[in-house]
Structure formats: C-alpha cells, structure tokens
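The structure under discussion appears below in the form of structure tokens.
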Amino acid sequence: MKVAVLGATGSTGALVVDKLLANGHDVVAVSRSPALPRQPATRFSQENGDLTDTGFVSKAVAGCDAVVSCIGQKRASKSLFAKRTSPPDILRRSAAATLNAIGSGSQHFVYLSAFGVGEERGRHAMLFRIILRMSSIHDAYLDHAAAEAAIRASRVGWTIIRPPGLTEKDEEMPLIDKSDRWSSFEAISKRSLARFLVECVEKRGPLKRAITIGAF
C-alpha cells in the first residue's frame, strides 16, 4: 500500500511515517519543510510545499491508496497558553485542499482531530472547558471543527480520529473506540496514536464517522 502522510515532520506525523515503513508500506512524506531521510529509500519519498494549495497536494498524493493528515496548529512552545504561530484556519484550509485533491477518487482520507471537538465539546468536564476556553488550543478546536464539517460534507471516503491528550512516553499500546465513554483527562502516547492511525489505514477502511479513541 502507498500512503501519503501530511504533516510528516510533526511529532505524530513522523511516527506514522516510521510505523508505515516498518509495516512494509510505501510512504510519501508531505510537509512544508524537508523530512529526515528514511530507510529503505526505495519505499520513502517526500514532497515539500504548501499544504493548503490544492495543486501541490494533488501532486503529492497522486497514486496513493490513502492519505493521513497529521497537521496541527503550531504554538511558540508546548505550553497550552503559548502564542499560536500558525494561521487560525490552517486545518480547515489544508483539509479543503486535500478533499479537492482526492476529488472523486477512492483514496481513504484519515484526518487526525481531537477529542471533544464540535458537537461533543459540551461533554468535556467543566474544568477542561475552562482551560480550553482560556488557552491557545481554543483556536485549534474551532479550526478542527471547521475541517471536520468540510470532510463530513464531502464525497470522499473518510475517517476522523479524535485522540485524547498526548504524551511523549516511549510506549506503544493498543487503543480502542471509546466514543461513548471518553474522559477529558485521559492521555495516550503519540506512539500508540501512530499505531492506531496505521491500523486505521490497513484494516478499517473509510468509516464515514468520527472515532474518539483511548486505552482499554
């Protein structure tokens, strides 16, 4: 299988690239800046450019069986209250470019969102909603919601993955669908998330639904 990973230089995107290669797939790393070279070189390539440009994205994902978007809003630091350094609508615009690039094709579009986005925001614990409102991730939630709306309205085969908080722990554990029983303060490792995203490409196929995931 040949898979394009958008946002391949980000912390989660890079792990998805590595996991796909480890599982024997061909990978196209798509990002604004160059990604680190990977082995085997015969199964790894990259395209660098503007991920909100339909023409660039179309070229980058051509011939791929699936497209995994790991694009996120950037902040000046890892602090939830750090200043946002990316455009406020980068997620919506990149999703729109990807949808236009796929068009009526059969590529599976896997979009990485966040738990409690959009219609589920009211399910968060009150403390989390206060933190969300006061922090810079508020913009990211609004942007994810707009991107999700565009994806749902499209004709492409899509799956939206909504993970809880993410850690840098060096663990890779299986995750499950927790759409009906997620917690505002659960956290999983980025490695575990990367594993689930690859499994989604390999086994699940376009589900036309959003899945909130978590640990057993």
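One table, with the values for the structure above:
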| read-out | value |
| --- | --- |
| The chain - percent of accessible surface contributed by carbon and sulfur, probe 1.4 Å | 53 |
| Correct option for Kirkwood radius over Cα pairs in Å [calculated from the coordinates] among (1) 17.2; (2) 18.5; (3) 17.8 | (1) |
| Length-normalised contact order of the range 63-198 in % [C-alpha pairs under 8 Å, at least 6 apart] | 27 |
| Positive-end residue of Pro88, Ile102, Thr54, charge dipole of the range 51-113 with Cβ unit charges | Pro88 |
| Antiparallel content of DSSP bridges confined to the chain, in %, to 5 | 10 |
| Residues of the chain: accessible area per residue with a 1.4 Å probe, Å² | 46 |
| For the chain, built as a Gaussian network whose Cα springs stay under 10 Å, the top-fluctuating residue of Ser79, Ser113, Ser154 | Ser79 |
| Structure-based [θ]222 nm, the chain - -39500 (n - 2.57) summed over DSSP H runs of at least 4, per residue, nearest 500 | -9500 deg cm²/dmol |
| Other-chain or far-sequence residues with amide H under 5 Å of Met173's (modelled H) | Ser192 |
| Total lysine pairs under 15 Å (Cα atoms) in the chain, excluding pairs fewer than 8 apart on one chain | 8 |
| Cα-centred dipole magnitude for the chain, charges only on beta-carbon of K, R (+1) and D, E (-1), debye, nearest 20 | 340 |
| Under 10 Å, Cβ to Cβ, from Arg43 - net charge with Lys/Arg +1 and Asp/Glu -1 | +1 |
| Neighbourhood charge, 12 Å Cβ-Cβ cut-off, centred on Asn100 and excluding it, Lys, Arg +1 and Asp, Glu -1 | +1 |
| Linear extension gain, Arg155 paired with Ser77, 0.36 nm per residue minus alpha-carbon span | 24.4 nm |
| Degrees, to the nearest 10: 11-22 long Cα axis against longest axis of the chain | 40 |
| For the range 136-205, size of Cβ-based charge dipole, Lys and Arg +1, Asp and Glu -1, in debye | 280 |
| GNM result for the chain, Cα springs below 10 Å: residue of Thr42, Thr52, Thr98 fluctuating most strongly | Thr42 |
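The values are calculated or read from the model by the stated rules, or taken from the named source; none is laboratory data. The structure displayed is predicted, hence computed values, not measured ones. Reconstructed Cβ throughout: ideal geometry from the backbone, glycine too, with neighbour counts over all protein chains shown. Note: areas computed on protein heavy atoms with side chains; ligands, DNA, RNA excluded. Shrake-Rupley method; radii C 1.70, N 1.55, O 1.52, S 1.80 Å.
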